[in-house]
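Report on the following structure.
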Amino acid sequence: MSRALATTPLPDRLPLPPQLDPQRLPAHVALIMDGNGRWARQRGLPRVMGHRAGVETLKRTLRLCSDWGIEALTCYAFSTENWSRPGEEVAFLMTLFERVLARELEGLMKEQVRIRFLGDLEQLPEGLQNLIADATARTSANGGIHFNVCTNYGGRRELVQAARHLAERAAAGQLDPAAIDEALFAAELQTAGEGDPDLLIRTSGERRLSNFLLWQLAYAELHITDVLWPDFDEAALLAALLDYQGRQRRFGGVEAAR
Ligand code: FPP
């Protein structure tokens, strides 16, 4: 991926905080946006108000990542397990996704964001599927940050689908099983063509992956913060990036190998 953002002349770009080394930013940040419900409960509000506030936080975070020169942001908006939430909450989230997409598309174009949705999209409401298809097509040639929204996404399901597809190709005689290596496998994943995340940020203090990007996060640095997602602000993002820049990445070796 090229550092297109560093050269694209966008208006009013927010400057990189001086504490950060621009040469050692993560190219790809993954986000588990947890704590919306708790944020709302703390304020005596219905849970869904937390999701509404969470959208504003996501917009702000995307803008900051884009302006600071991060090349890709992948967020976990709705997991394959989230269908088990109360029906009204699921319906609210689907309507929220539709409204936000419809409302923000022009802004994404202006900011040169390339948006994609990862997950089993055919199980989503038809109106949302149409908006997703439109936003994906319209932003596909944009040269700015890659913004991936995992929606009805599950890491294990993604791995099983990849394995099944490779097995089908092998059974049809189109693929020698001995030719299956990590690169070929990764090319079957929904993230094909995107570098693996360098940094995973999870808010609200839970210390688990929750079936998110199980293959892709193999070597990611983990930053877990107690901040609830709607409260995740510029200072919290800066803290995550400073934490990342303080790590020595070894990829299983003895010194930084790449
Ligand atoms: C987790 O908080 C959050 C979610 C399941 C939904 C996140 C979705 C958004 C922020 C909107 C994204 C919108 C677009 C268009 C990409 P939680 O409900 O699990 O909070 P809790 O752990 O405190 O209960």
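The values are calculated or read from the model by the stated rules, or taken from the named source; none is laboratory data. Please read these numbers as outputs of a predicted model, since none were measured by experiment. Neighbour counts are summed over all protein chains in view; Cβ atoms, including those assigned to glycine, are modelled from backbone coordinates with ideal geometry.
Of everything in the range 23-42 that is in a helix (DSSP H, G or I) and away from the ligand (no atom under 16 Å from the Cβ), the residue that is farthest from the chain's Cα centre (by Cα) is Gln23. Residue pairs whose Cβ atoms lie under 8 Å apart, sitting 6 or more positions apart in sequence or on different chains, and linking a residue in the range 59-88 that is buried (at least 20 other Cβ atoms within 10 Å of the Cβ) to a partner that is modelled with pLDDT under 95 and of a type outside the set (Lys, Arg), are Ser66/Leu5; Ser66/Leu10; Trp68/Leu14; Ile70/Leu5; Glu71/Met1; Glu71/Ala4; Glu71/Leu5; Ala72/Met1. Of all residues in the range 49-98, those that are near the ligand (Cβ under 8 Å from one of its atoms), outside any helix (DSSP H, G or I) and touching a Gly at 6+ places or on another chain (Cβ under 8 Å) total 2.
Examine the range 175-197 for a residue that is of a type in the set (Asp, Glu), within 16 Å of the ligand (Cβ to nearest atom) and within 27 Å of Arg24 (Cβ to Cβ), and state whether such a residue exists. Checked against the condition, which is being of a type in the set (Asp, Glu), within 16 Å of the ligand (Cβ to nearest atom) and within 27 Å of Arg24 (Cβ to Cβ), the range 175-197 yields no hits at all.
Taking every residue in the range 166-195 that is free of Cβ contacts under 8 Å to residues at least 24 places away in the same chain and farther than 29 Å from Phe147 by Cα and pairing it with any residue that is assigned to a loop (DSSP other than H, G, I, E, B) and hydrophobic (A, V, I, L, M, F, W, C), at least 6 positions away or on another chain, the pairs with Cβ-Cβ distances below 8 Å are Arg169/Leu175; Ala170/Ile180.
Kindly list the number of the only condition in (1) over 21 Å from Ser79 (Cβ atoms); (2) in contact with a helix residue (DSSP H, G or I) (Cβ under 9 Å, 6 or more places away or on another chain); (3) aromatic (Phe, Trp, Tyr) that fails for Tyr219. Answer for Tyr219: the failing condition is (2).
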